[in-house]
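Following: one structure in structure tokens, then a few remarks.
Read the figures in this text as sums done on the coordinates, not as results from a lab. All values reported here derive from a predicted model rather than from experimental measurement. Glycine gets a Cβ as well: all are built from the backbone with ideal geometry, and neighbour counts include every protein chain shown.
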Amino acid sequence: MRTLEEAVGLLKERGVRITPQRTAILQYLLTHRTHPTADEIYRAIQPVYPNVSVATVYNNLRAFQEAGLVKELTTGDHASRFDINMTPHHHAICDVCGKIVDFYHPGLENLDDVLARELGFTVTEQRLEVHGVCPDCRGIPA
Ligand code: ZN
Ligand code: MN
């Protein structure tokens with residue numbers, strides 16, 4: 001998902017009603033690839049849409065998720081984060097500032113074969129979380 005037109009088109013195709021609030025949430029997700037929480041999105045759009053509540057943002061994100069437009073990321077007891085990048089990818093998580101960065105590592109696809117061979121396991125999705133410390137928190141340039 002790269003553009004708002006693309007996202008809106010997909011929602012229409014899947015029978016999800018388009019509202020100005022929904023468009024604003026999509027726009028936020030498309031321009032902030034930080035895996036925001038519902039609360040972060042709420043605080044960003046609230047000045048423009050004063051009638052919106054955290055609950056409506058959450059419900060809209062739920063609708064996007066059901067339409068296959070976003071993925072909910074749950075990590076431990078932290079608030080859910082939302083990811084509009086539906087291309088298979090993995091996450092590098094900074095344990096200091098909590099930021100989640102997308103990364104791709106095609107070599108990991110071999111894992112499907114390893115699991116099939118060793119466990120008779122059919123992999124439907126791979127989502128790897130790698131923890132560490134990001135360059136900002138290490139105080140060095142990326
Ligand atoms: Zn960090
Ligand atoms: Mn992601």
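Karplus-based coupling profile of the range 71-82, in residue order and whole Hz: 10, 8, 10, 10, 10, x, 9, 7, 5, 4, 10, 10, with θ = phi - 60° in 6.51 cos²θ - 1.76 cosθ + 1.60 and x standing for Gly or Pro. Just so you know, the Cα atoms of the range 90-138 work out to an Rg and Dmax of 13.9, 42 Å. Taking the centroid of alpha carbons for each part, the range 32-96 and the range 1-29 are 14 Å apart.
The dipole here belongs to the range 90-138: it is taken about the Cα centre, uses +1 on the Cβ of Lys and Arg and -1 on the Cβ of Asp and Glu, and is about 160 debye. Taking G98, G15, G76 as the candidate residues, the one with maximal mean-square fluctuation in a Gaussian network model of the chain, Cα springs under 10 Å, is G76.
Using a 10 angstrom Cβ neighbour count of at most 11 plus a DSSP loop assignment to flag exposed trypsin sites (Lys or Arg not before Pro), which longest range of the chain is free of such sites?
The longest uninterrupted stretch comes out as 18-126.
Amide H contacts of L73: R81, F82, D83, each under 5 Å away and 5 or more positions distant or on a separate chain (H built 1.01 Å from N in the peptide plane; Pro and chain starts excluded).
DSSP assigns beta bridges within the range 90-138; of those with both partners inside it, close to 50 percent run antiparallel.
Couplings for the range 122-132, taken from phi via the Karplus curve 6.51 cos²θ - 1.76 cosθ + 1.60 with θ = phi - 60°, read 8, 7, 9, 7, 10, 9, 9, 10, 10, 9, x Hz in order; Gly and Pro are left as x.
Relative contact order for the range 19-103: 27 percent, from Cα pairs under 8 Å spaced at least 6 residues apart, divided by residue count. With the cut-off at 1.5 for a/c, could you classify the chain from its C-alpha gyration tensor as rounded, prolate or oblate? Because a/c hits 1.5 or more and a/b fails to exceed b/c, the chain counts as oblate. Dipole magnitude for the chain: about 540 debye, using +1 per Lys or Arg Cβ and -1 per Asp or Glu Cβ, origin at the Cα centre.
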